[in-house]
Structures are given as structure tokens and as C-alpha cells.
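Q: Here you go, one structure.
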């Protein structure tokens with residue numbers, strides 16, 4: 001069988017050197033984080049830039065949320081930087097995959113829905129009537145869209161170069177790892193949950209209001225809210241189907257296709273569900289009215305996404321034989337015995 005092409009086999013240069021495409025996407029992603037990090041820094045240091053009511057930022061819940069979201073974007077900046085450096089391939093797999101899984105879910109929804117909503121509703125979409133001025137939303141969401149497109153592009157190129165072998169393996173290849181039976185049980189249960197949760201989201205997307213808080217049910221339907229509910233519903237169901245396909249080895253083609261679907265859908269459920277839970281628990285001023293079945297759906301989206309993510313992590317680790325982090329230098333030549341002066345490129349995370 002022909003060995004999958006990797007970055008160091010594709011172009012001359014030192015092993016593990018990032019390609020120009022990955023470097024470019026990562027640099028643009030880093031630049032896209034700067035507006036958000038700047039506005040959060042100003043708010044956390046007491047400067048109410050872009051806010052009509054300075055007391056709004058003094059709320060303890062807002063201080064905590066601003067600190068949390070600042071830290072999240074700072075992590076995105078550091079990860080984008082790692083994609084431009086050779087040492088980025090020596091990072092532990094979980095240190096890259098966990099934050100990028102959450103980021104994929106959070107940013108993917110923004111990239112898919114905000115431009116469409118702006119096209120349909122125009123600048124009025126940014127006029128929320130709250131204390132934050134519209135230009136702040138424009139700057140923040142513009143940065144999120146840039147991060148979503150470029151950070152996830154850089155990550156896709158990084159994953160292709162680092163894990164080319166396990167991701168290009170056929171989906172039909174069965175595995176008999178120690179947790180295979182557990183994975184099958186989880187995948188079947190997750191599919192049932194995603195159908196229920198996705199069905200609820202699709203019901204609300206098409207105008208249903210049963211189970212929503214009274215204030216939300218009585219308000220005029222929002223285009224962006226309907227689109228987001230519909231997309232979250234489709235991604236949830238798609239993720240459940242994709243995970244079952246991977247676990248039962250029923251799909252055709254390379255495994256990365258159903259893995260990508262399961263990755264994005266489970267990350268969306270976990271990321272947005274957890275964010276909604278934090279907003280509800282802290283009582284942040286920007287949060288909507290809790291209550292109804294919506295809170296239960298958000299809770300079970302968080303739990304279902306988490307379980308699916310863990311199941312996928314076990315499955316990929318067992319299929320690829322991951323035991324440690326592959327270094328990007330010649331000393332690991334002894335791991336694959338190819339005697340080609342290149343690092344080991346198979347079976348390592």
C-alpha cells in the first residue's frame with residue numbers, strides 16, 4: 001500500500017516544517033484574535049470602551065465572563081502560533097485537540113450563520129438595544145469569522161500533516177481495542193440522544209415554541225435564532241450518525257470524513273451547551289431568561305457532546321496506536337525503521 005503523503009515527504013526542507021498555506025492561515029488567525037483581546041483587556045482594566053453603561057462591566061458575572069473569554073481567545077492565539085512552528089508538532093495531542101474541538105463548535109456556528117444573517121437583516125442585526133454599541137459587535141464577530149475560517153483551516157492542515165496515516169485509513173477497517181464494546185454502546189445511545197436534541201432544535205427553528213421560556217415564546221421569531229437552531233439540530237443528528245458509522249466501521253472512503261462530522265457536531269453541542277450553562281448559572285446580564293425545556297436541552301447537549309468527544313478520542317487513539325507524542329526530528333527514526341532520515345510518521349499522536 002502506498003504510504004500517505006505528509007508535509008515532509010511532499011516538499012524539500014527540514015522534517016516537520018509547516019507549509020506556506022498553514023503558516024499564512026495561522027498568521028491571519030492570530031491577527032483576527034487581536035481586536036477581541038484588545039477590547040476585553042480594556043474592559044477588564046476598567047475602561048468602558050464601546051459600552052454606554054460603565055456599571056454594566058462592573059457586574060461580577062460580567063467580569064468573570066470577560067476573563068474567561070479573554071483566556072479562551074488567548075489560547076486560540078497561542079495554538080495558531082504553534083501551527084507556524086516546528087515545535088507545534090511536539091505538543092501533546094490532547095493539548096491541541098481539546099481546545100480546537102471546542103473552538104470548532106463555537107466558531108463554526110458563527111461562521112455559518114452571522115454572514116447570512118447580516119445579508120438578510122442588514123446592520124440592524126447589530127443593534128440589540130443593550131449597553132454594548134453596534135460597532136463592538138461588528139468588530140467582535142468580524143474577528144470571530146476570521147478566526148473561524150483561518151484557525152480551522154490551519155488546524156486542518158496541521159492535522160493532515162501530523163496524523164495523515166490514521167485519518168486516511170479506510171472507515172471500513174474494524175478495530176478490536178479494549179474499549180470497542182463500550183464505544184458501540186455509547187454510539188448507539190448517543191444517536192438516540194442526538195435525534196431527540198436535534199429534533200427539538202429543528203422544531204424551534206421552524207417556529208415551534210413549546211418548551212421555550214415564556215419571554216422567548218412570546219417574542220417575535222428571530223431569523224438568526226431560527227438559523228442557529230436549525231444548524232445546531234442538523235449538526236447534532238449528523239454527529240450521532242457519523243459516530244455510529246465510525247464505531248461500527250460501516251462507512252466508505254477515508255475515516256476522516258465521518259470523523260469531521262462527528263467532531264464538528266459534538267463540539268457544537270458541548271461548546272454552546274456549556275456556554276449556555278455558564279450564562280444561566282452565573283446570571284450574567286447578557287443571558288436570556290432560563291426555564292422551560294430549553295435549559296434541559298442545553299444541559300443534555302453539553303453532556304452528550306462530552307460523552308461523544310470522549311468516545312471519539314478513545315476510538316482514534318486505539319485505531320492509530322497512539323501512545324505518546326511524536327517528535328519532529330530524526331531521533332524518532334528508530335520508531336518506524338524506514339531508514340529514510342525522516343521522523344516516524346505512523347502510529348504516534
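The values are calculated or read from the model by the stated rules, or taken from the named source; none is laboratory data. Values in this document were obtained by computation on a predicted structure and should not be read as measured data. So basically every Cβ, Gly included, is an ideal-geometry build from the backbone, and we count neighbours across all protein chains shown.
Q: Does residue 111 satisfy the criteria of being within 12 Å of the chain's Cα centre (by Cα), modelled with pLDDT of 90 or more and surrounded by fewer than 20 Cβ atoms within 10 Å (Cβ to Cβ)?
A: Taking the combined requirement at face value, the residue satisfies it.
Q: Condition first: under 18 Å from residue 235 (Cβ atoms) and modelled with pLDDT of 90 or more. Can you find one or more residues in the stretch 74-89 that meet it?
A: no
Q: Name every residue in the stretch 66-86 that is closer than 24 Å to residue 106 by Cα and out of contact with any helix residue (DSSP H, G or I) (no Cβ under 7 Å at 6 or more places or on another chain), in order of residue number.
A: 68, 71, 72, 78 - these are the residues of the stretch 66-86 that are closer than 24 Å to residue 106 by Cα and out of contact with any helix residue (DSSP H, G or I) (no Cβ under 7 Å at 6 or more places or on another chain).
Q: A follow-up question, please. Scan the stretch 114-134 for residues that are within 22 Å of residue 28 (Cα to Cα) and either surrounded by 17 or more Cβ atoms within 10 Å (Cβ to Cβ) or free of Cβ contacts under 8 Å to residues at least 24 places away in the same chain (or both) and jot them down.
A: If the condition is that a residue be within 22 Å of residue 28 (Cα to Cα) and either surrounded by 17 or more Cβ atoms within 10 Å (Cβ to Cβ) or free of Cβ contacts under 8 Å to residues at least 24 places away in the same chain (or both), then 114 is the only one that fits.
Q: Out of all the residues in the stretch 182-202, is one or more assigned by TED's automatic domain parsing to the domain that holds residue 234, outside any helix (DSSP H, G or I) and surrounded by fewer than 16 Cβ atoms within 10 Å (Cβ to Cβ)?
A: no
Q: Further question on the same structure: Within the stretch 231-250, is even one residue within 23 Å of residue 72 (Cα to Cα) and surrounded by fewer than 22 Cβ atoms within 10 Å (Cβ to Cβ)?
A: No, the stretch 231-250 has no match at all.
Q: Restricting to the stretch 25-48, name every residue that is over 30 Å from residue 156 (Cβ atoms), in contact (Cβ under 8 Å) with a residue 12 or more places away in the chain and surrounded by fewer than 16 Cβ atoms within 10 Å (Cβ to Cβ).
A: Once the filter is applied, which keeps residues that are over 30 Å from residue 156 (Cβ atoms), in contact (Cβ under 8 Å) with a residue 12 or more places away in the chain and surrounded by fewer than 16 Cβ atoms within 10 Å (Cβ to Cβ), the stretch 25-48 yields only 44.
Q: How many residues are within 18 Å of residue 33 (Cβ to Cβ) and surrounded by 19 or more Cβ atoms within 10 Å (Cβ to Cβ) if we restrict to the stretch 85-94?
A: Count: 1.
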